[in-house]
1. Could you check region 67-108 and list, in sequence order, the residues that are within 24 Å of I200 (Cβ to Cβ) and at pLDDT 95 or above?
2. Are any residues in region 260-279 assigned to a loop (DSSP other than H, G, I, E, B), within 24 Å of the chain's Cα centre (by Cα) and surrounded by 15 or more Cβ atoms within 10 Å (Cβ to Cβ), and if so, which ones?
3. Among Y252, Y257, which is farther than 20 Å from E210 by Cβ, of a type in the set (S, T, Y), within 25 Å of the chain's Cα centre (by Cα) and not assigned by TED's automatic domain parsing to the domain that holds A171?
4. K242 versus (1) over 30 Å from L324 (Cα atoms); (2) touching a strand residue (DSSP E or B) at 6+ places or on another chain (Cβ under 7 Å); (3) part of a loop (DSSP other than H, G, I, E, B): which is the lone unmet condition?
5. Which condition number does Y77 fail, the rest of (1) in contact (Cβ under 8 Å) with a residue 40 or more places away in the chain; (2) surrounded by 16 or more Cβ atoms within 10 Å (Cβ to Cβ) being met?
6. Could you grab the pairs with beta carbons closer than 6 Å, sequence gap of 6+ or different chains, first residue in region 299-328 and closer than 23 Å to F177 by Cβ, second one assigned to a helix (DSSP H, G or I) and at pLDDT 90 or above?
7. Could you list all residues from region 297-336 that are surrounded by fewer than 12 Cβ atoms within 10 Å (Cβ to Cβ) and either among the polar types (S, T, N, Q) or not in a helix (DSSP H, G or I) (or both)?
8. Does S122 fit the bill of being small (G, A, S) and not assigned by TED's automatic domain parsing to the domain that holds N29?
Amino acid sequence: MNTKVMIIACYYGDLPDWMDLWLLSCKYNPQFHFMLVTDCAIASLPGNVTLLHLSMDELRRRFSDVVGFPVALSFPYKLCDFKPVYGLAFQKELAGYGFWGHCDLDLIWGNLRAFISDDLLSHYDRIGAVGHLTLYRNCENINRFFMRPGAAFPYRTVLTDPDHYGFDEFAGTNLIFHKNNHPFYTELPIADAARFLSRISVFPGNTGPEIYFWKDGRVIRAYQDGDGYKSSEYAYLHFQKKHPPHDSGQNYEEGFYIKSKGFQPRKSTFPSLDEIQSETEFSSRFQDRLDLYRGTRNRIWDFLVGKSGHQKAIMLKKAGVYFLDKWKRALASPKK
């Protein structure tokens, strides 16, 4: 079975400050190939990263050609709705690969091979359920699966409307797979930073010192546990709307901390309780609760004031269809 994987990121606009760290984390995953589709120039790339230079107009024409009608793609964030179309749009580049995936740049890769094995790839046609990383089997049936019914909105509506629908995730392709009874793998251990916290933390309810760092191709969370510490490893860490500043003049090859206030070189071989306490971004339970309150308030305000009537209708229908389907599946699942 062909288990070669190409992971695709389409990106337009100024590259993020941490681009060299994203590329460094790609380099430490030699079993995976990455393709960056962009109109930006990058001087140096690891051997397993390919640059496909396309303007957004050229990319839009690719999407239009493979779906058979003119699509709406006028701003970079709209690309989220087109991620499920990558398998068709990049057929030439994907020749010889058994799987393809879509990803974002606001993350640092860990050791993907530790979590995405050949055995896992042989058992599932789809791995993941989020826009920042989902893999698909590279075959005609799965590459066209997004065209099936089941999503909150039909794919043609999504791809011809300039507004953003989040078609790559919960109310889009996830629902399509669920409603067409096609199981997919959702247990990939990822560190998805809590959106409303001002610090990097996977668990909004965590109330103690913790650190996140990259070392030798691995993403690690180390946290205080009583008088000692414990650690967990993740496939990657997603910043989730955070934009950590970055000093490209530093040497990060030996390892680095991943913090909301920026990336810092780290040379320690093993974490220690002293290190966790000195490097943690956690300050107090009160600060976390204040962050969550402010984040929730701002999101509600943005929905009420910042969104157009059309955008509000999209968001409400997405939520309604998603939670109705989730409720139906919960009722249908056998009781323990």
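1. C80, G101, H102, C103, D104, L105, D106, L107, I108
2. First pass over region 260-279, keeping only residues assigned to a loop (DSSP other than H, G, I, E, B): 260-261, 266-272.
Checking which are within 24 Å of the chain's Cα centre (by Cα) leaves us with 260-261.
Within region 260-279, S260 is the sole residue that qualifies.
3. On the way: Y257 fails: farther than 20 Å from E210 by Cβ.
That would be Y252, the only listed residue that is farther than 20 Å from E210 by Cβ, of a type in the set (S, T, Y), within 25 Å of the chain's Cα centre (by Cα) and not assigned by TED's automatic domain parsing to the domain that holds A171.
4. (2)
5. (2)
6. Every condition considered, the pairs that remain are K318/A171; V321/A171; Y322/F170; Y322/A171; D325/L175.
7. Once the filter is applied, which keeps residues that are surrounded by fewer than 12 Cβ atoms within 10 Å (Cβ to Cβ) and either among the polar types (S, T, N, Q) or not in a helix (DSSP H, G or I) (or both), region 297-336 yields S308, S333, P334, K335, K336.
8. no
The values are calculated or read from the model by the stated rules, or taken from the named source; none is laboratory data. These numbers were taken from a predicted model, which means no experiment stands behind them. Every residue, glycine among them, receives a Cβ derived from its backbone with ideal geometry; neighbour counts consider all protein chains shown.
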